[in-house]
Amino acid sequence: MFESRSAGRPWLSAYPPGIPAELDIPRLGTLVDLFEECMTQSASRPALESFGTRISYAALGDTAEAVAAWLADQGLVKGDRVAIMMPNVVAYPATIFGALLAGCTVVNVNPLYTPRELTAQLNDSGARILFVLENFAHTVVEALPDLSLDRVVVAGPGDGLGLKGRLITLASRHIKKAVPAYRFPAGLALRFDAVINAGTGKPKIRADIGPNDLAFLQYTGGTTGIAKAAMLTHRNIMANVEQSRAWFRVSAEYGEGKVMVTALPLYHIFALTCCFFFFMKIGACCLLILNPRDADGFIKTLKSTRFTHFSGVNTLFNLLINHPRITEVDFSKLDFVIAGGMAVQATVAQKWKAITGQAIVEGYGLSETSPVVCVNPLDLPEWSGTIGYPLPSTDVAVRGLDGRDVGMGHPGELCVRGPQVMAGYWKRPDETARATTPDGYFRTGDVAVLQEDGQVRIVDRMKDMILVSGFNVYPNEIEDVLASHPAVRECAVVGALSDDTGEMVVAHVVRRDPAITTEALRTYARTQLTGYKVPRQVVFHDALPKTNVGKVLRRALRDEPPTA
């Protein structure tokens, strides 16, 4: 159990008026309690908007109840894992709530994963049911020989949107040609609409769950670069929602008429907590953006919607401010703009403020912390370049290699303790122990400085993780793929700065076959890696720099300027 300390918290004196140092975490309950609260207080309000259509809390609740009933009919019980492999479509939040009502643990899956990546995650989690958008069903079919799934539920992008939704799904298939051919074995797969029909009208399902039960397995490379799942409990997520609500000083009354632009994918922890659960808590509406990389379509949606809140990562802000029609968007109703996932660049923050009139309020978090640890004050006049102050009921410490606090103004590893910190890594007690200090802090692996006023500034990452558009990329995984190519003798992967993605992947390769080309290696990598993990550049060497024990010196490679 987390025990807070009142001493040694210089940030408390800088808290804006009305923000408490501590919250009553035990009273918060579970995400099922949050669901019930939404249905009671906000039933008639719009909960979701997608493709220009709004879905009420009551309608979202009915769909979630049907999903829960169907899962129970499939024999799923408390603690069973349900995987969701979708972008931001209406079926996603309904499935999340349905799985939680049934007492299941949700496994969020990046829909852009390759069959190899999908297999690793589903098998590690032990997921029994997979919900997938039909655009990505072909990946599941390819991975099936190595999977052990009870059922697969296939959704269309317009599911849940009535007649208009059916037209949207048909257009996706036949006009945009966005659904590659797939065929599941007989009896394994069914449509999302069939699930809803089967579950509608059945008794409500309420599993006997408590705050310490697992709500999510959130996969991350953590601080070591080894892909693993952070075990996030109902208490973790509920605590972070309440911490955020207290920081921004908002209530259910505030949520009336508020709309959060939810462009970040819900399978990312930032969007899941900060865009979805937080805005559900206050009865606001989530504007679901299916594909924010379609800048023209994104701008068109923003022009046609009265939105009041915006969240994003640096690359998303950069995409928008460089669009020729950004000035046609009405930003006058914005209450605040939140950034996370990766560091915001100063030039991007300045251009955003000049165009929209709103400063970017930057925060910091990780999958392991549900995610928010620190955030800047809401009334920030200009982007600060810091990650702000620790949230209520949160302790941070900056420590050296010896585990001792380094003192104000000195860099060290940022360590976090609070009710939002995960229960541990799924089936990896050794990794959990490695990431936890004797006094209960989580070691983030990030180098930070604690300033005199209690603000925290991130200096650098301690590990070799590469951050591409806010997504973690782990060199070991890419090196394993490249090294499997017969023309590669050895390789090392590092990150380099990129104007459009923050960082990019650069592969340094010693060839076995001198005829192998950069494009041939990139093409090979694409067969086994999600697009953002594929090396943007490949640099060929006669030999890689190594230590005296033969370990590749990634730092030396990182210091080399990337070639064109």
Item to complete: Kindly list, by first and then second residue, each pair from a residue in region 465-480 that is assigned by TED's automatic domain parsing to the domain that holds Gln528 and farther than 16 Å from Gly341 by Cα to a residue that is surrounded by 20 or more Cβ atoms within 10 Å (Cβ to Cβ) and of a type outside the set (Lys, Arg), limited to pairs with Cβ atoms under 6 Å and residues at least 6 apart or on different chains.
Response: Pro475/Val493; Ile478/Val493; Glu479/Cys491; Glu479/Val493
Fill in: Hits in region 164-187 (condition: exposed (fewer than 14 other Cβ atoms within 10 Å of the Cβ) and in contact with a strand residue (DSSP E or B) (Cβ under 7 Å, 6 or more places away or on another chain))
Lys164
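Here is a check on your reading of the model: is Asp480 outside any strand (DSSP E or B) and in contact with a helix residue (DSSP H, G or I) (Cβ under 6 Å, 6 or more places away or on another chain)? I'd like the intermediate steps shown before the answer.
Numbers: outside any strand (DSSP E or B): yes; in contact with a helix residue (DSSP H, G or I) (Cβ under 6 Å, 6 or more places away or on another chain): no.
It is false that Asp480 is outside any strand (DSSP E or B) and in contact with a helix residue (DSSP H, G or I) (Cβ under 6 Å, 6 or more places away or on another chain).
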Item to complete: Give Ala515, Ala496, Ala433, Ala492 a once-over and let me know the one that is touching a helix residue (DSSP H, G or I) at 6+ places or on another chain (Cβ under 9 Å) and farther than 22 Å from Glu117 by Cα.
Response: Ala496
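Going by what's in this entry, would Asp379 be described as touching a Lys or Arg at 6+ places or on another chain (Cβ under 9 Å) and either touching a residue at least 24 places away in the same chain (Cβ under 8 Å) or within 27 Å of Tyr441 (Cβ to Cβ) (or both)?
Details: touching a Lys or Arg at 6+ places or on another chain (Cβ under 9 Å): no; either touching a residue at least 24 places away in the same chain (Cβ under 8 Å) or within 27 Å of Tyr441 (Cβ to Cβ) (or both): yes.
So Asp379 fails the test.
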Worksheet item: Does Ile205 count as assigned to a loop (DSSP other than H, G, I, E, B), assigned by TED's automatic domain parsing to the domain that holds Leu71 and modelled with pLDDT of 95 or more?
Response: yes
Discussion item. Can you tell me how many residues within region 132-150 are buried (at least 19 other Cβ atoms within 10 Å of the Cβ), of a type outside the set (A, V, I, L, M, F, W, C) and either in contact with a helix residue (DSSP H, G or I) (Cβ under 6 Å, 6 or more places away or on another chain) or not in a helix (DSSP H, G or I) (or both)?
Written reply: 1
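Which ones in region 280-302 are within 18 Å of Ala64 (Cβ to Cβ) and under 16 Å from the mean Cα position of the chain (by Cα)?
Going through region 280-302, the residues within 18 Å of Ala64 (Cβ to Cβ) turn out to be 280-281, 283-286, 288.
Those that are within 18 Å of Ala64 (Cβ to Cβ) and under 16 Å from the mean Cα position of the chain (by Cα): Cys286, Leu288.
Under the condition of being in a loop (DSSP other than H, G, I, E, B) and basic (Lys, Arg), which residue from region 415-461 is surrounded by the most Cβ atoms within 10 Å (Cβ to Cβ)? Before the answer, list the steps.
In the first step, residues of region 415-461 are kept if they are in a loop (DSSP other than H, G, I, E, B); the result is 418-424, 426-428, 435, 437-441, 451-455.
Cutting the leftovers down to basic (Lys, Arg) gives us 427-428.
On the way: Lys427: 14, Arg428: 18.
Looking at the filtered set, the residue picked out is Arg428.
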Response to the item:
In the set Leu149, Leu144, the lone residue that is more than 16 Å from Ala91 (Cα to Cα) and over 25 Å from the mean Cα position of the chain (by Cα) is Leu144
Worksheet item: Is it true that Thr305 is touching a residue at least 40 places away in the same chain (Cβ under 8 Å), within 16 Å of the chain's Cα centre (by Cα), closer than 22 Å to Met86 by Cβ and not assigned by TED's automatic domain parsing to the domain that holds Ala91?
Response: no
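Name the one entry in Ala198, Ala178 that is hydrophobic (A, V, I, L, M, F, W, C), modelled with pLDDT of 95 or more and in a helix (DSSP H, G or I). Spell out the reasoning first.
Working: Ala178 fails: in a helix (DSSP H, G or I).
Within the list Ala198, Ala178, the selection yields Ala198.
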Item to complete: Only one of these is in the same structural domain as Glu117 (by TED's automatic domain parsing) and over 22 Å from His309 (Cβ atoms): Leu60, Leu12, Leu100. Name it.
Response: Leu100
Practice prompt. Look through region 253-281, keep the residues that are of a type in the set (A, V, I, L, M) and under 22 Å from Ile299 (Cβ atoms), and return whichever of them is surrounded by the fewest Cβ atoms within 10 Å (Cβ to Cβ).
Written response: Val259
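The values are calculated or read from the model by the stated rules, or taken from the named source; none is laboratory data. The shown structure was predicted, so the numbers you read here are calculated from the model rather than taken from an experiment. Cβ: placed from backbone, ideal geometry, glycine included. Neighbour counts: every protein chain shown.
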